[in-house]
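Below: the structure, in structure tokens.
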Amino acid sequence: MTSDLTVGEMAARSGVAVSALHFYEAEGLIQSWRTPANHRRYDRRELRRVAIIKVAQTLGVPLAEVREVLDALPRDRPISAAQWNAAGQVWHNRLTAQIEALTALRDQMGSCIGCGCLSLENCPLYNPEDIAGRDGPGPRRWTRAKE
Ligand code: FES
């Protein structure tokens, strides 16, 4: 008897839909192997990778960054505490930046609700630090929506 999981067991254990597991695998975030009958099997260690992906999604981490972290973790042996810490540090910094940005937005919200202009040039709530302007001139959100 093997401790490897079928895709259904993997989905049930991780709380992720089978279709999502297939997507993660197609993206190279997790791996499976095939039985002689061509059925997928997952090593139990893949559960941890799925857990990392789920946490990252909760934090709004882009898939490319999730891949970077997962690629740095070994597949063939247990993950050391130092490796976990290094992986966690990447998102610690991201979370810190997000918290600072959200705090600034929260503090600005009161005056913006009173103002209501939602100016593309001046409103720190609608367009903080003129991030839309970095994409180029003109109405960037409208242009992007049409592209
Ligand atoms: S709504 Fe006017 S500055 Fe934000």
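The values are calculated or read from the model by the stated rules, or taken from the named source; none is laboratory data. Keep in mind that this is a model prediction, so the values were computed, not measured. Note: accessible area is taken over every heavy atom of the protein model, side chains too, but ligands, DNA and RNA are not part of it. Shrake-Rupley method; radii C 1.70, N 1.55, O 1.52, S 1.80 Å.
Within the accessible area of the chain, what % is carbon and sulfur when the probe is 1.4 Å and the other protein chains stay in place?
Details: 5560 of 9700 Å².
C and S atoms contribute 57 percent here.
Counting only heavy atoms of the protein chains, get the accessible area per residue of the stretch 7-114 (1.4 Å probe) and round it to a whole Å² value.
Details: 6660 Å² over 108 residues.
Here the per-residue accessible area is 62 Å².
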Potential lengthening between Ser80 and Ser111 on full extension [0.36 nm per residue; Cα-Cα distance subtracted]: 6.4 nm
Three-way shape label, the stretch 7-114, alpha-carbon gyration tensor, a/c 1.5: prolate
